[in-house]
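Taking it in order: structure first as structure tokens, then the write-up.
The values are calculated or read from the model by the stated rules, or taken from the named source; none is laboratory data. Since this is a predicted model, take the numbers as computed values, not measurements. Virtual Cβ from ideal backbone geometry, glycine too; neighbours counted across all protein chains shown. Surface areas here come from the heavy atoms of the whole protein model, side chains and all, with no ligands, DNA or RNA. Shrake-Rupley method; radii C 1.70, N 1.55, O 1.52, S 1.80 Å.
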Amino acid sequence: MATPRKRAHDAPAGLPASLRGRVSETGRLSLPAELRRAVGLERGGPVRIELVDGAIRIRTMKEVKDRIRVLARESGLADKASVADFLGWRESERVSEAKAADKP
């Protein structure tokens, strides 16, 4: 039995689910302006490009950071999500471990 093809994610309001872009001879990819605006891709802004199940996925760094924050909250590590918070938490753990090791 054939596996059904995955459907495209819902397009933002007013945009078709599929738009045409172009790859230049030098390998640059052009995305339609209305698509870039709809997903928050600004000219010159950083993005994360991934290969997922044979498809290219482009996400804004804001989206990536927001996802990391959600994962941190879901894992219970939200209060340790920054480097400074993590180092402070780890220092207190180290002190506790040292005290526990000194007890007979």
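Side notes on the structure shown:
- Cα-based reach from Lys99 at 20 Å (exclusive), listing aspartates and glutamates while leaving out same-chain residues under 8 positions away: Glu91
- Think of a 1.4 Å ball rolled over the protein heavy atoms: region 34-104 then has 85 Å² of accessible area per residue.
- Computed from label points 7 Å out along Cα-Cβ, the spacing between Ser82 and Ala100 is 2.7 nm.
- Model label sites at Leu19 and Arg48, defined 7 Å from Cα along the beta-carbon direction, differ in position by 2.2 nm.
- Sequentially through region 19-26, phi angles give Karplus couplings (6.51, -1.76, 1.60; θ = phi - 60°) of 10, 9, x, 8, 10, 6, 5, 8 Hz, Gly and Pro residues having no value and appearing as x.
- Karplus-derived 3J(HN,Hα) values for region 87-102, using 6.51 cos²θ - 1.76 cosθ + 1.60 with θ = phi - 60°, are 5, x, 4, 5, 4, 5, 5, 4, 4, 4, 5, 5, 4, 5, 6, 6 Hz; glycine and proline are entered as x.
- For Glu34, the solvent-accessible surface computed with a 1.4 Å probe is close to 80 Å², ligands and nucleic acids excluded.
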